[in-house]
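Below is one structure, written out as structure tokens; the observations come after it.
The values are calculated or read from the model by the stated rules, or taken from the named source; none is laboratory data. These numbers were taken from a predicted model, which means no experiment stands behind them. With ideal geometry, Cβ positions are generated from the backbone for all residues, glycine too; neighbour counts draw on all protein chains shown. With ligands, DNA and RNA removed, areas are computed over all heavy atoms of the protein, side chains included. Shrake-Rupley method; radii C 1.70, N 1.55, O 1.52, S 1.80 Å.
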Amino acid sequence: MPHVELEGKSYAVEPDETVLDALLRQGVNAPYSCKSGTCQSCLMRVVTGTPPEASQVGVKESLKMRGFFLPCVCRPESDLVIAKPDAADVAAAATIISTDALSHDVVRLLLKTESPFDYRSGQFVNLVREDGLIRSYSVASLPHRDEHLELHIRKIPGGKMSNWIHSEVQPGDRVQVRGPSGDCFYLPANRDQNLLLVGTGTGLAPLYGIIQDAIHHQHRGQIALFQGALNHTGLYLVDELCALTQQHAQLNYRRCLVQGEPSEQIEVGALDQIIFKHHPKLKDWRVYLCGNPDLVTMLRKKVFLAGASMKEIHSDAFIMAKG
């Protein structure tokens, strides 16, 4: 049975147990959120030993070379000595500038980092509160244009971070930003390629950033955005997106509801059926899928069957935090 040593104490890891679960089982205060290897909020560093290759998938190469790994998916094959990362290794200090409502349950959070923060529109970052609470949010701002990081935060019933942001946070409050991570961002190398973007809930945030980045780079191909929601209350940034469609002929924006009355601006029905009614063939398209994880998984399969190459399908499933 392998052991992990953290801060001078040794902890047994049961067969088929992850390092994170072993630490939590034995009362260690370890940061985490999704527990699936996606958000990277549990990132730690190996001091002695070799982490399994699977525990470093998705970790930036610069961090991987320094021994950083993901405890939530790490099932060690031998003993490891590990350490929590120093804030300077993976985080940037930031100040909250403002919050403003985008809908009844979504706010725009603006942050200013104390040092330059390199990111691509559409990637996600981990927001770290002073008490150590961590949650992941996608970036909707543009690094070459916007002074602040822009995050869209939906209020989750019982959500510790989202309720704090919606109800308690004040301008001037301090947080940390870790990351960025993810491959949902615009590539300006092929400006004639058609783009399909599908988002539900605050899955719109990364897509909003990608669209603005594509426009900034004078993208020439089609940009087809499908915003999905249960009903009209789940939509936001409608005016801003409609204005962009008026200004840029290559952008087509469709609002898709499960429930409601169809109109010239709104289509009602299953999101996948609406998408493929307009775009039945997706060969050579670049696809971005963001939001509900079950929907993202389903659409990945269907856009592939419609002709999109797997290497051209990029997704950001919004997995709820555990605990």
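Listing for the model above:
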quantity: For Asp131, solvent-accessible area (1.4 Å; no DNA, RNA or ligand), Å²; calculated: 110
quantity: Cβ-based net charge around Asn231, under 14 Å, with every Lys or Arg adding one and every Asp or Glu removing one; calculated: -2
quantity: Carbon and sulfur %, accessible surface of the stretch 271-312 computed with the full protein complex present, 1.4 Å; calculated: 57
quantity: Residue-normalised accessible area of the chain, given per residue in Å² at a 1.4 Å probe; calculated: 47
quantity: Efficiency of FRET from Cβ geometry, Ala189 and Thr48, R₀ 56 Å, rounded to 0.05; calculated: 0.85
quantity: Equivalent ellipsoid dimensions for the stretch 147-249 as semi-axes, Å, which come from the Cα gyration tensor, largest first; calculated: 28, 18, 13
quantity: Cross-link pairs beyond the 27 Å C-alpha cut-off, checked among Lys112/Lys160; Lys84/Lys112; Lys9/Lys155; Lys64/Lys311; Lys9/Lys160; calculated: Lys9/Lys155; Lys9/Lys160
quantity: Exposure ranking of Glu7, Glu168 by accessible area [1.4 Å probe, largest first]; calculated: Glu7, Glu168
quantity: Note, ³J(HN,Hα) from phi for the stretch 119-135, Karplus 6.51, -1.76, 1.60, rounded to Hz, x at Gly and Pro; calculated: 8, 10, 4, x, 5, 10, 10, 9, 8, 10, 7, 4, 7, x, 5, 10, 9
quantity: Accessible carbon and sulfur surface of the stretch 80-199 relative to its total accessible area, %, 1.4 Å; calculated: 46
quantity: Relative contact order for the chain, counting Cα pairs under 8 Å that sit 6 or more residues apart, in percent; calculated: 14
quantity: Contour excess over end-to-end distance, with Cα ends at Glu264 and His248 and 0.36 nm allotted per residue; calculated: 3.8 nm
quantity: Label-point separation in nm, Glu77 to Lys281, each point 7 Å along Cα→Cβ; calculated: 4.7
quantity: Backbone HN-Hα couplings from phi across the stretch 179-193 [Karplus 6.51/-1.76/1.60, Hz, Gly and Pro as x]; calculated: x, x, 9, x, 10, 8, 8, 6, 10, x, 5, 10, 6, 9, 6
quantity: Point-to-point label distance, Met65-Ser36, nm (Cα→Cβ direction, 7 Å offset); calculated: 3.2
quantity: Chain lengthening between Gln170 and Met310 when straightened (0.36 nm per residue, less Cα-Cα); calculated: 46.1 nm
quantity: Whole-angstrom gap from the stretch 117-177 to the stretch 27-54, using each part's C-alpha centre; calculated: 21
quantity: Straight-distance crosslink candidates among aspartates and glutamates, where the alpha carbon sits under 18 Å from Lys277 and sequence neighbours closer than 8 are dropped; calculated: Glu264, Glu267
quantity: Those aspartates and glutamates that a straight Cα-Cα span of less than 17 Å connects to Lys301, excepting residues fewer than 8 apart in one chain; calculated: Asp272, Asp284, Glu312, Asp316
quantity: Entry for Cα extents along the principal axes in Å (calculated from the structure that is shown) out of (1) 54, 44, 39; (2) 63, 49, 34; (3) 64, 45, 37; calculated: (3)
quantity: Calculated over the stretch 101-169: convex hull of Cα atoms, volume per residue (Å³); calculated: 97
quantity: Accessible area of Ile156 in the full protein assembly, 1.4 Å probe (Å², nearest 10); calculated: 40
quantity: Where labels lie 7 Å past Cα in the beta-carbon direction, separation of Glu130 and Lys112 in nm; calculated: 1.9
